[in-house]
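**Student:** Below is the structure I would like to discuss, written out as structure tokens.
The values are calculated or read from the model by the stated rules, or taken from the named source; none is laboratory data. Values in this document were obtained by computation on a predicted structure and should not be read as measured data. Here the Cβ positions follow ideal geometry from the backbone for every residue, glycine too, while neighbour counts run over all protein chains shown.
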Amino acid sequence: MNLTAILPEILVCLTALAVIGADLGTYRNDSRRRGLMAWIAGTGLTVALAVLFGWQLGGYQAFVGIYSSFRPDAMSWFFRCTLLVSGIFTVLLSVDYVKDRIRHAGEFYALLCLATLGAMFMVAATDMVTFYLALELLSISSFVLVALRKDSPKASEAALKYLVFGALSSGLMLYGLSFLFGMSGSLEYAQIFTYFRQYQEPFNLQLLVAVLMTLAGLGYKVSAVPFHMWTPDVYQGAPMPVTAFLSATSKVAAFAALLRILETLNVASLTPLWALVLMIMAALSMTLGNLVAAVQQDVKRMFAYSSIAHAGYILAGMVALGDSAAHDTALTAICYYLLVYVFMNLGAFAALMHLTRLAGSSRIPDLAGLATKAPWAAFILSCCLLSLTGLPPFAGFTGKFYLFGALLSAGSEYVWLVGVGVLNSVVSLYYYSRLMRLMYFAPTPELEGKDLTLSPALKLVSGFCLAGIVGLFLFPTPVLTFVSALSALL
Amino acid sequence: MTLRFADKLIFGLLGVAAVLLGLSVLFFAQGKVIAFYLLGAVMLTSAVGVVVVKDLIRSAFLLALSFLCVGGLYVLLQADFLAAAQILIYAGAVAILFVFGVMLTRREQDPQMVHSFEFRVTAAVFIGFGLLVLLVRAIFALPWPSHPSSGAVANTVVSIGEHFFGRYILPFEIASVVLLMALIGAIVIARKENHRA
């Protein structure tokens with residue numbers, strides 16, 4: 001057996017252990033210790049990312065997978081890079097927050113690395129056992145990360161809600177997967193696919209239960225309506241960097257896993273069923289997410305609903321996977337959108353970390369007039385919000401353009417869904433621009449005794465994210481050509 | 001000593017078990033079938049009891065009973081290692097952990113779960129019942145295909161070990177990372193903070 005294919009994962013795991021080890025040493029002062037641990041976590045993840053990039057230059061395709069547990073194909077390469085980028089950015093986002101407000105810094109960074117590890121295994125798994133274990137690695141470390149601020153009752157409440165909902169949805173999904181296993185007799189996606197391609201029976205309840213339950217469990221992970229109830233509370237209660245992490249890494253990993261499962265079920269007897277379910281979920285998520293986001297008073301809750309809405313857009317793109325003509329464009333669009341989503345969301349969170357620190361709260365009215373005090377953060381936040389709305393010159397526009405384009409090319413019966421998506425983008429412009437207007441055109445508050453300087457780590461993240469969303473808009477071709485070459489995901 | 005509902009339930013279950021055990025001795029040829037229904041009935045009744053009974057400690061012991069029956073079902077399926085693991089881990093460790101948890105977090109009053117018949121409970125019962133009907137119908141909708149490879153294995157421990165270090169090496173390793181992570185997480189959440197000024 002050759003374990004080279006999972007070298008980046010091994011590095012990430014070692015990073016987590018190194019962080020824990022570094023926590024044991026004695027240091028001159030506490031902030032030095034915390035700084036060192038952040039540095040180890042960031043460096044470890046960066047080295048793993050560098051290994052992945054190095055492989056791409058020198059023959060990544062030659063790697064053999066580990067049975068069907070780990071498939072080193074182009075898609076897993078793409079998503080592992082995305083997840084590592086998201087992990088590195090989250091570490092950078094956390095540096096100052098952890099210094100001030102998290103007591104257990106070592107555990108924080110270690111869990112962050114382990115959660116990233118789970119996400120990386122999840123996107124490359126092509127059998128149900130590995131997929132489920134990786135999912136639990138990601139989920140359980142997320143529960144702990146949310147609960148890590150023990151001084152805050154809100155965080156504890158959020159963690160408990162997250163845990164209970166998570167357990168329920170895992171149960172539902174396992175039930176669905178057990179049906180798939182019972183019918184096909186295999187845990188491997190490829191064999192399940194072969195079984196269902198030759199499936200002769202007419203449509204029946206077994207298929208319905210299997211597909212519905214599996215989608216319900218994954219719908220929870222991507223926070224799609226009607227499985228979204230946990231999202232606003234958890235996003236609001238969690239420490240800010242963890243919120244950013246959940247909105248980026250968890251979402252990307254869950255969508256990538258969903259992509260593989262949909263590919264498995266992409267057969268004539270099952271496609272109409274899941275396409276219908278996804279269509280309903282997409283329309284509901286977009287509409288509810290945007291409408292409720294518009295009336296939120298807390299910026300974290302607003303971002304929670306906005307992330308629900310974005311799950312809706314991506315699910316709408318996934319509907320197009322069922323159509324053989326639009327399949328490849330849809331796949332390209334979804335991968336591209338997820339990458340862009342990481343950049344724009346983490347950029348927005350980087351700016352929000354600074355702004356909420358200045359304002360002393362995460363209520364939207366408290367952010368009023370901060371643009372003069374924190375021009376760079378306000379500028380970054382505005383760019384990311386415009387990109388989230390889907391306006392040029394940012395990559396959010398390109399992403400939505402391809403998503404809706406794929407859906408249109410899938411057939412005229414999806415035009416209404418595109419209509420819903422476009423209308424929703426208009427709604428989202430309303431509440432995103434409300435935030436921008438407040439920052440720029442409201443009277444400047446007095447901020448006595450607050451340190452106005454933007455910390456170097458946040459500066460770095462926000463700069464990278466801005467470069468990401470502008471760069472991906474101006475030069476989308478390399479990424480698009482890379483992801484359009486993805487095929488055979490089983 | 002007055003008998004509570006939970007005690008009656010447990011004694012009732014034991015009685016049913018004794019009767020069925022007697023029957024299975026009488027009709028030895030059908031032993032497997034009888035054992036299946038016996039275990040199934042006790043398992044489901046005690047599982048319902050876990051939810052319905054008000055006293056947490058009794059709930060925990062009913063849960064242990066339910067786990068034991070699941071272990072019995074594994075024996076019937078000739079999965080001996082799984083049965084032993086089930087009894088050791090679930091009936092032995094998890095259920096006892098619940099009891100310890102209840103004991104150590106006990107307040108002045110015994111923890112009693114409150115059941116009130118309000119709208120939410122009624123809705124939950126209806127949804128649960130609907131789900132049950134749906135799942136039962138789905139299970140019996142079509143005969144399940146049988147797969148030739150799933151025959152009995154003489155020595156399951158050896159075979160499981162070979163799978164752990166062969167085909168399923170990666171899930172096995174991920175499981176160990178999950179355990180490590182759970183350990184770290186549990187300690188960091190549960191440890192007592194000595195608040196500095």
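**Student:** State whether one or more residues within the stretch A:87-101 are aliphatic (A, V, I, L, M) and either closer than 30 Å to B:G166 by Cα or within 11 Å of chain B (Cβ to nearest Cβ) (or both).
**Tutor:** Looking through the stretch A:87-101, none of the residues is aliphatic (A, V, I, L, M) and either closer than 30 Å to B:G166 by Cα or within 11 Å of chain B (Cβ to nearest Cβ) (or both).
**Student:** Before we move on, is A:T231 farther than 17 Å from A:A275 by Cα and assigned to a helix (DSSP H, G or I)?
**Tutor:** Spelling it out, A:T231 is indeed farther than 17 Å from A:A275 by Cα and assigned to a helix (DSSP H, G or I).
**Student:** Could you tell me which residue of the stretch A:143-161 is surrounded by the fewest Cβ atoms within 10 Å (Cβ to Cβ), considering only residues that are facing another protein chain (nearest Cβ under 10 Å) and either small (G, A, S) or under 26 Å from A:V123 (Cβ atoms) (or both)?
**Tutor:** Step by step, filter the stretch A:143-161, then rank; the result is A:S156.
**Student:** Right, another one. Restricting attention to the stretch A:1-32, which residues are in a loop (DSSP other than H, G, I, E, B) and either charged (D, E, K, R) or within 13 Å of another protein chain (Cβ to nearest Cβ) (or both)?
**Tutor:** Within the stretch A:1-32, A:M1, A:N2, A:L3, A:R28 qualify.
**Student:** Looking at the structure I just gave you, is A:L117 within 10 Å of chain B (Cβ to nearest Cβ), modelled with pLDDT of 95 or more and surrounded by 21 or more Cβ atoms within 10 Å (Cβ to Cβ)?
**Tutor:** yes
**Student:** Can you pull out the residues in the stretch A:146-181 that are under 15 Å from A:F245 (Cα atoms) and touching a Phe, Trp or Tyr at 6+ places or on another chain (Cβ under 7 Å)?
**Tutor:** Listed by number, the residues that qualify are A:V146, A:L148, A:A159, A:Y162.
**Student:** Which one is nearest to A:A406 (Cα to Cα) among residues in the stretch A:349-388 that are buried (at least 24 other Cβ atoms within 10 Å of the Cβ) and without any contact (Cβ under 8 Å) to a residue 60 or more places away in the chain?
**Tutor:** That would be A:L385.
**Student:** If we keep just the residues of the stretch B:142-159 that are within 15 Å of B:A85 (Cβ to Cβ) and in contact with a helix residue (DSSP H, G or I) (Cβ under 6 Å, 6 or more places away or on another chain), which is modelled with the lowest pLDDT?
**Tutor:** Filtering first and then ranking leaves B:T156.
**Student:** Hey, can you tell me all the residues within the stretch B:156-197 that are at the interface with chain A (Cβ under 7 Å from one of its Cβ atoms), over 25 Å from A:R71 (Cβ atoms) and not in a loop (DSSP other than H, G, I, E, B)?
**Tutor:** Selection gives B:A182, B:I184, B:G185, B:V188, B:I189.
**Student:** When only residues in the stretch A:33-73 that are of a type in the set (D, E, K, R) and assigned to a helix (DSSP H, G or I) count, which is surrounded by the fewest Cβ atoms within 10 Å (Cβ to Cβ)?
**Tutor:** Checking each candidate, the answer is A:R33.
**Student:** Filter the stretch B:104-127 down to residues that are surrounded by 11 or more Cβ atoms within 10 Å (Cβ to Cβ) and of a type outside the set (D, E) and give me whichever is modelled with the highest pLDDT.
**Tutor:** Once the filter is applied, the top-ranked residue is B:V125.
**Student:** Then there's this: Tell me whether the stretch A:70-78 contains one or more residues that are under 30 Å from A:L355 (Cβ atoms), in contact with a helix residue (DSSP H, G or I) (Cβ under 7 Å, 6 or more places away or on another chain) and of a type in the set (G, A, S).
**Tutor:** No, the stretch A:70-78 contains no residue that is under 30 Å from A:L355 (Cβ atoms), in contact with a helix residue (DSSP H, G or I) (Cβ under 7 Å, 6 or more places away or on another chain) and of a type in the set (G, A, S).
**Student:** What tally of residues in the stretch A:448-462 results from selecting those that are in contact (Cβ under 8 Å) with a residue 12 or more places away in the chain, of a type outside the set (D, E, K, R) and part of a helix (DSSP H, G or I)?
**Tutor:** Adding up the residues that qualify gives 5.
**Student:** Next question, about the same structure. Based on what the data block shows, is A:V426 surrounded by 19 or more Cβ atoms within 10 Å (Cβ to Cβ) and over 18 Å from A:V299 (Cα atoms)?
**Tutor:** For A:V426, the condition - surrounded by 19 or more Cβ atoms within 10 Å (Cβ to Cβ) and over 18 Å from A:V299 (Cα atoms) - is not met.
**Student:** Look through the stretch A:120-142, keep the residues that are more than 8 Å from chain B (Cβ to nearest Cβ) and of a type in the set (S, T, N, Q), and return whichever of them is nearest to A:D73 (Cα to Cα).
**Tutor:** It comes out as A:T126.
**Student:** Still on this model: Within the stretch A:179-189, is even one residue more than 11 Å from every other protein chain (Cβ to nearest Cβ), buried (at least 16 other Cβ atoms within 10 Å of the Cβ) and touching an Asp or Glu at 6+ places or on another chain (Cβ under 9 Å)?
**Tutor:** Checked the stretch A:179-189: at least one residue is more than 11 Å from every other protein chain (Cβ to nearest Cβ), buried (at least 16 other Cβ atoms within 10 Å of the Cβ) and touching an Asp or Glu at 6+ places or on another chain (Cβ under 9 Å).
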